[in-house]
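Take a look at the structure set out below.
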Amino acid sequence: MTYLKAAHKIEEASFSKIQEIIDQEHPDIHFSDPFEEAVLKRVVFTSADFDYLYNIKFSNQVIEKILYVLRNKGTIFTDTTMVLGGFNKKLLDDLGVSYRCLVNEPAVFQEAKEKGITRSMAAVEYAAKVDGPKLFVFGNAPTSIFKVLDMVEEGSLQPDAVVGVPVGFVGAAESKLKLHESSVPSIAALGQKGGSTIAAAVVNAILYQLKLATTDYERYSVSDKKQAPEKGEG
């Protein structure tokens, strides 16, 4: 039996097929930014769902803000260990970026119990106390998004960016729409679809678009049509 066995060949063929399907079935889709294109295609690659070409929205210069966090040794906070587990940690380590999921930490667990809130909400409160640039990446908990927005409105949190793609039927669509309509730089998957793999794919797509050296094989990235913002812009 003949089939592709090398990981880089499989990925290369997959992204070629994705572009072919876009050309044939979604001719109205046009990409103007290489990072946004990379995000959308990697999410489709991860999910095999072309609805994300239309559902994922970018707002308030979010790509530049995420790059600022990555280039300035910021911290990525996730709502679950599943999201955290999907990151290419080797590339994050090389950049000096920290990554944390706080929901299982004893102090967060205790605070959630005492206040009668979800651990995801308590984790956002804890993260607000951490110094440095912050990127929140949520794939499961709508309450995390609502909590970020509440704290932004109160003036007690200033996230550099939020990736909000929780999946579900209760609060997910509402939280993501609120995020998209807010002043917070965000990538949001509007509607009910999303999840941990989508959240991780968004972050990885941006990392791979930076064309950082890898120890196994070079991941797909979009040919540069526009220079990425220089370090320090945010």
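Among 192-204, 87-99, how do they line up from the highest to the lowest mean number of other beta-carbon atoms within 10 Å?
Details: 192-204: 23.6, 87-99: 16.1.
Final packing ranking: 192-204, 87-99.
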*Take the solvent-accessible surface of the protein heavy atoms, probe 1.4 Å, and return the percent of it on the chain that carbon and sulfur atoms account for.*
50 percent
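Compute the accessible area per residue over the chain, keeping the other protein chains in place, probe 1.4 Å, unit Å². Please report the intermediate quantities before stating the final value.
Numbers: 11350 Å² over 234 residues.
For the chain, the solvent-accessible area averages 49 Å² per residue.
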*Dipole magnitude of the stretch 54-196, debye to nearest 20 (Cβ charges: Lys/Arg +1, Asp/Glu -1, about Cα centre)*: 340 debye
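Rank these by accessible area, largest first, 1.4 Å probe: M151, M1, M82, M121. Could the numbers behind the result be given before it?
Working: M151 15, M1 205, M82 120, M121 40 Å².
If we order M151, M1, M82, M121 from most to least accessible, we get M1, M82, M121, M151.
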*Of K89/K176; K41/K176; K90/K134; K17/K65; K57/K211, which ones are farther than 29 Å apart at the Cα?*
K17/K65
*On a C-alpha basis, how far is the centre of the stretch 152-211 from the centre of the stretch 5-62 in Å? Whole number, if you could?*
18 Å
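Go through 100-109, 136-145 and give me the packing order, highest mean Cβ count within 10 Å leading. Don't skip to the answer; put the middle values down first.
On the way: 100-109: 15.9, 136-145: 26.5.
So the order, starting with the most tightly packed, is 136-145, 100-109.
Out of every Cα-Cα pair in the stretch 4-78, what percent are more than 19 Å apart? Mind showing how you got there, number by number?
Values: 1273 of 2775 pairs.
Summing the P(r) tail past 19 Å for the stretch 4-78 gives 46 percent.
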_Projecting each Cα onto the charge dipole of the chain (Lys/Arg +1, Asp/Glu -1 at the beta carbon, about the Cα centre), which of Y68, V103, V152 comes out farthest on the positive side?_
V103
_Once you keep just the Cα pairs under 8 angstrom separated by 6 or more residues, what percentage relative contact order results for the stretch 54-196?_
30 percent
*Residues in the stretch 118-147, backbone N under 17 Å from the label point at S156 (7 Å along the Cα-to-beta-carbon vector): list them, ranges by number please.*
118-131, 143-147
*asked:* What do you get for the angle between helix 34-47 and the principal long axis of the chain? Use alpha-carbon atoms, 0 to 90 degrees, nearest ten.
replied: 90 degrees
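Which of the peptides 164-176, 46-58 is most tightly packed, and how do the rest follow, judged by the mean count of other Cβ atoms within 10 Å per residue?
On the way: 164-176: 20.9, 46-58: 17.1.
Taking the mean over residues of other Cβ atoms within 10 Å, the ranking is 164-176, 46-58.
The values are calculated or read from the model by the stated rules, or taken from the named source; none is laboratory data. These figures come from a predicted structure and were not determined experimentally. With ideal geometry, Cβ positions are generated from the backbone for all residues, glycine too; neighbour counts draw on all protein chains shown. The accessibility values were calculated without ligands, DNA or RNA, using every heavy atom of the protein model including side chains. Shrake-Rupley method; radii C 1.70, N 1.55, O 1.52, S 1.80 Å.
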